[in-house]
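Peer 1: Shown below is the structure under consideration.
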Amino acid sequence: MIQEHRYVVVGAGPAGLQIGYFLQERGADYLVVERKHSAGDFFSRFPRHRRLISLNKVHTLSDDPEIRLRWDWNSLLSDDPSLLFPQYSDDYFPSPDDLRRYLHDFHTTHDLRIAFGVGVERVVKEEDGFRLETAAGPELRAECLIWAGGWGAPNIPDIPGIEYAEGYEDMSVDPEQFRGKRVLILGKGNSAFETAHELIGHASMIHLASPRPVQLAWNTRRPGDVHGMYGALFDSYQFKALHAVLDCTVDRIAFDGETYTVDITYSHADGETATLEYDAVLRCTGFRMHTEMFADGLKMAPCGKLPEIRADWESANLDNLYFAGTLMQARDLKRASSAFIEGFRYNLRTMDRLLAERYDGIRLPHATVSLDELTGSILDRLNRSSALWTQCQYLIDALVVTDGGVERYEELPEDYAVERFGDVITVGLRWGENTYPAGPHPVPSRAAESAFIHPVIRVFRDGVLTEELHLLEDLLAEWRHPDRHVAPLEEFLRRLLPR
């Protein structure tokens, strides 16, 4: 038996549920298939030490539900106010078990069409879509395939002897098993620091090792980098407590049945080498996408772990294949928040609108704004939108000038908007430099020197950036001051778009 649907979504994690919700809301012909027997099964095992790094800021200064989403990193978007994650946990860094409970309620409350226990084993490209072979259940055909399968396998570095390291996905989470032991952790991302944090009061020595320096979120402002909650390991390093963070290449791991002998080359010591001994070696080097099921081959991004995608999240080499969730991050890697629910929930709202236009003939929604209302309209969006806030430096509002006024298309990737419209004004939020220049605090005429998140309006002509306006940062992220924000924006628009 063959089941045919316009849209087939693979995976019932947060991304699969979110895009399923949007498809259902507009009455699309869709089916979500999930290998496991519950929604969000990934979170039954990960993170291993049962604490998410996605913020759950229950208490904010605003009663506006749109603004509150800026600091709620775990809720999916829907029209049901009871389905907000802060109602499931008060913890700032919540348990993944609470997230699983939330995801279960989300899919059952909305009665999403999900076929559980159906694993996709092979994906074959056909002229009018895809054929999906499954291990259990019917063969499926999809005009549009949306892959929301998330990470499928551990990322294992090519190190001789790596088979002796115990993987993050399988290692013991009982810190007592490491009492008094010398532990090497391969990797310096959040999973590595999560593991070190749990062992710090038990192991006699912990070393974290990778070739490049650790990327700290408090410096980079990227949620995927190491969070400050793991700062105790750095304290121990600086306090000479035998724990250390090493920039080095691990050249070889050997094991004699009792002791691990590890050869390393330091990254910043002119090729200096060392041989160190440990009682345990743990591999915490992240995950990669499973690609073996794509019969026609899948083009991967340069990082090797993510699919290469076009500006609208379509596969770079397989037409009609789109990626949802953490797999959407190749175009804003290390820049925005597409790796997290807080970011990809907005990507998916936009992607659904693009799919509706392409496959169902529904024009991309937009509003027409008069020139007289433009300044106020822009500032209203910047001050309230949670999408422009959480996906700063990636999603923007696109303004297209027409004879009837200005058409505003909300929450598009900036590269997509430029590619689609050519002549376009983009409105979004961006970070400034990491440190302030010497001298007094910037004034409106020097707003481009702002270090904190602040509005940026950019003008593209024939796809080329020609000019931009920065509006001065504000500690409380309120950009409505008559002299600092309204007047500079009004002057810029008047020059750009004379009445």
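The values are calculated or read from the model by the stated rules, or taken from the named source; none is laboratory data. Nothing here was measured: the structure is a model prediction, and the numbers come from that model. A quick note on method: Cβ atoms are made from the backbone with ideal geometry, for glycine too, and the neighbour counts reach across all protein chains shown. Keep in mind that these areas ignore ligands, DNA and RNA; they rest on the heavy atoms of the full protein, side chains included. Shrake-Rupley method; radii C 1.70, N 1.55, O 1.52, S 1.80 Å.
Peer 1: Does at least one position in the range 248-256 carry a residue that is farther than 21 Å from ASP158 by Cα and either surrounded by 13 or more Cβ atoms within 10 Å (Cβ to Cβ) or at pLDDT 95 or above (or both)?
Peer 2: Within the range 248-256, none of the residues are farther than 21 Å from ASP158 by Cα and either surrounded by 13 or more Cβ atoms within 10 Å (Cβ to Cβ) or at pLDDT 95 or above (or both).
Peer 1: Search the range 53-84 for residues being hydrophobic (A, V, I, L, M, F, W, C) and closer than 17 Å to GLN18 by Cβ, and hand back the single one that is surrounded by the fewest Cβ atoms within 10 Å (Cβ to Cβ). If you could, list the steps in order and put the result at the bottom.
Peer 2: Initial filter on the range 53-84 (hydrophobic (A, V, I, L, M, F, W, C)): 53, 55, 58, 61, 67, 69, 71, 73, 76-77, 83-84.
From what's left, closer than 17 Å to GLN18 by Cβ: 69, 73, 76-77, 83-84.
Values: LEU69: 21, TRP73: 22, LEU76: 21, LEU77: 16, LEU83: 18, LEU84: 18.
Among them, the one singled out is LEU77.
Peer 1: Exactly one condition in (1) in contact with a strand residue (DSSP E or B) (Cβ under 7 Å, 6 or more places away or on another chain); (2) open to solvent by less than 30 Å² (accessible area, probe 1.4 Å); (3) part of a loop (DSSP other than H, G, I, E, B) is false for PHE46; which is it?
Peer 2: All conditions are met except number (1).
Peer 1: Could I ask something else about it? Need the failing condition index for GLY201 against (1) assigned to a loop (DSSP other than H, G, I, E, B); (2) within 24 Å of LEU52 (Cα to Cα); (3) open to solvent by less than 50 Å² (accessible area, probe 1.4 Å); (4) among the small types (Gly, Ala, Ser), just the number.
Peer 2: The one condition GLY201 does not meet is (3).
Peer 1: Give the range 357-372 a look and list any residue that's farther than 24 Å from ASN320 by Cα and assigned to a helix (DSSP H, G or I), or say none.
Peer 2: Across the range 357-372, the qualifying residues are LEU371, ASP372.
Peer 1: Within the bounds of the range 133-148, is there any residue that is among the basic types (Lys, Arg) and either in a helix (DSSP H, G or I) or surrounded by fewer than 18 Cβ atoms within 10 Å (Cβ to Cβ) (or both)?
Peer 2: Within the range 133-148, not a single residue is among the basic types (Lys, Arg) and either in a helix (DSSP H, G or I) or surrounded by fewer than 18 Cβ atoms within 10 Å (Cβ to Cβ) (or both).
Peer 1: Just wondering, is there one or more residues in the range 266-280 that are touching a residue at least 12 places away in the same chain (Cβ under 8 Å), of a type in the set (S, T, N, Q) and either surrounded by 21 or more Cβ atoms within 10 Å (Cβ to Cβ) or assigned to a loop (DSSP other than H, G, I, E, B) (or both)?
Peer 2: Yes, because at least one residue in the range 266-280 is touching a residue at least 12 places away in the same chain (Cβ under 8 Å), of a type in the set (S, T, N, Q) and either surrounded by 21 or more Cβ atoms within 10 Å (Cβ to Cβ) or assigned to a loop (DSSP other than H, G, I, E, B) (or both).
Peer 1: Any chance the range 456-465 includes a residue that's touching a residue at least 12 places away in the same chain (Cβ under 8 Å) and in contact with a Pro (Cβ under 9 Å, 6 or more places away or on another chain)?
Peer 2: There is no residue in the range 456-465 that is touching a residue at least 12 places away in the same chain (Cβ under 8 Å) and in contact with a Pro (Cβ under 9 Å, 6 or more places away or on another chain).
Peer 1: Taking the range 281-325 only, how many residues are among the acidic types (Asp, Glu), farther than 17 Å from CYS144 by Cα and either touching a helix residue (DSSP H, G or I) at 6+ places or on another chain (Cβ under 8 Å) or open to solvent by less than 30 Å² (accessible area, probe 1.4 Å) (or both)?
Peer 2: The total comes to 1.
Peer 1: Report, ordered by the first and then the second residue, all pairs with beta carbons closer than 6 Å, sequence separation of six or more or different chains, a first member in the range 321-335 that is more than 26 Å from ARG141 (Cα to Cα) and of a type outside the set (S, T, N, Q), and a second member that is open to solvent by less than 20 Å² (accessible area, probe 1.4 Å) and not in a helix (DSSP H, G or I).
Peer 2: Final answer for the pair search is ALA330/ALA301; ALA330/LEU306; ALA330/ILE309; ASP332/SER338; ASP332/TYR394.
Peer 1: A further question on this structure: Which members of the range 238-265 meet the condition of being of a type in the set (Ser, Thr, Tyr) and in a loop (DSSP other than H, G, I, E, B)?
Peer 2: Once the filter is applied, which keeps residues that are of a type in the set (Ser, Thr, Tyr) and in a loop (DSSP other than H, G, I, E, B), the range 238-265 yields only THR259.
Peer 1: Moving to a separate point now. Restricting attention to the range 3-46, which residues are within 14 Å of ASP111 (Cα to Cα) and acidic (Asp, Glu)?
Peer 2: GLU25
Peer 1: Being at negative phi and assigned to a helix (DSSP H, G or I): is that true of ASP105 here?
Peer 2: In short, yes.
Peer 1: When residues of the range 85-132 are filtered for being of a type in the set (D, E, K, R) and either open to solvent by less than 20 Å² (accessible area, probe 1.4 Å) or closer than 27 Å to ARG51 by Cα (or both), how many remain?
Peer 2: Qualifying residue count, the range 85-132: 7.
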